[in-house]
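*Asks:* Before I ask anything, let me first share the structure, which is written out below as structure tokens.
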Amino acid sequence: MPLVYQQNINESTQLAVWHILETEAFLLNSVVLTQTIHHPHKRLQHLAGRFLLKHLNTDFPLEDILISPTNKPYLLSGKYHFSISHCGDYAAAILSTTSRAGIDVEIPKEKILGIRKK
């Protein structure tokens, strides 16, 4: 697993960024696909994000993930707050036991210079 970055932000919150190089078959040995995703790369990104959640906390209840009307994954129990992001061949996840958390990963592009002061 090519972990690019991992950080414990505090006692209850941690994040990780991963370069996705594994095959879908490898990920399916650890993570169950719960949605129908037709595009192979999108399916790989979906699995990788959930794989990262298990990496951050082996007790994370992947089978309990629900999707809100705004497409944000969440747990009804509220036991964990988390966010997953993916772009290209990268996936990122943040997980907290106490606070809401969000993460976004993007591939740097020249057009980002236009918003750098924001």
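*Asks:* Give the whole-number value, in cubic angstrom per residue, of the convex hull volume spanned by the C-alpha atoms of the chain.
*Replies:* That works out to 136 Å³ per residue.
*Asks:* Further, regarding this structure: With a 1.4 Å probe and every protein chain kept in, tell me what percent of the accessible surface of the range 1-71 is carbon plus sulfur.
*Replies:* Carbon plus sulfur share of accessible area: 53 percent.
*Asks:* So who's got an amide H within less than 5 Å of the one on T34, skipping anything under 5 residues away but keeping other chains? H placed 1.01 Å off N, in plane.
*Replies:* So T34 has HN proximity to no qualifying residue.
*Asks:* Taking amide H positions as placed 1.01 Å from N in the peptide plane, with prolines and chain starts having none, which residues 5 or more places from V105, or on another chain, fall under 5 Å of its amide H?
*Replies:* Residues meeting the criterion, in which the H sits 1.01 Å from N, are H86.
*Asks:* In sequence order, what are the phi-derived ³J(HN,Hα) couplings for the range 107-113 according to the Karplus relation 6.51 cos²θ - 1.76 cosθ + 1.60 with θ = phi - 60°, rounded to whole Hz, with x for glycine and proline?
*Replies:* Karplus values, whole Hz, x for Gly and Pro: 7, x, 9, 4, 5, 5, 4.
*Asks:* Please build a GNM for the chain, connecting alpha carbons under 10 Å apart, and tell me which residue among A101, A91, A25 fluctuates the most.
*Replies:* It is A25.
*Asks:* Compute the accessible area per residue over the range 68-116, keeping the other protein chains in place, probe 1.4 Å, unit Å².
*Replies:* With the other protein chains kept in place, the range 68-116 gives 69 Å² per residue.
*Asks:* Sticking with this one: Roughly how far apart, in whole Å, are the Cα centres of the range 76-118 and the range 23-51?
*Replies:* One Cα centre to the other: 18 Å.
The values are calculated or read from the model by the stated rules, or taken from the named source; none is laboratory data. Predicted model, so just to flag it, every value in this text is computed and none were measured. The area values use the complete protein model at the heavy-atom level, side chains included, leaving out ligands, DNA and RNA. Shrake-Rupley method; radii C 1.70, N 1.55, O 1.52, S 1.80 Å.
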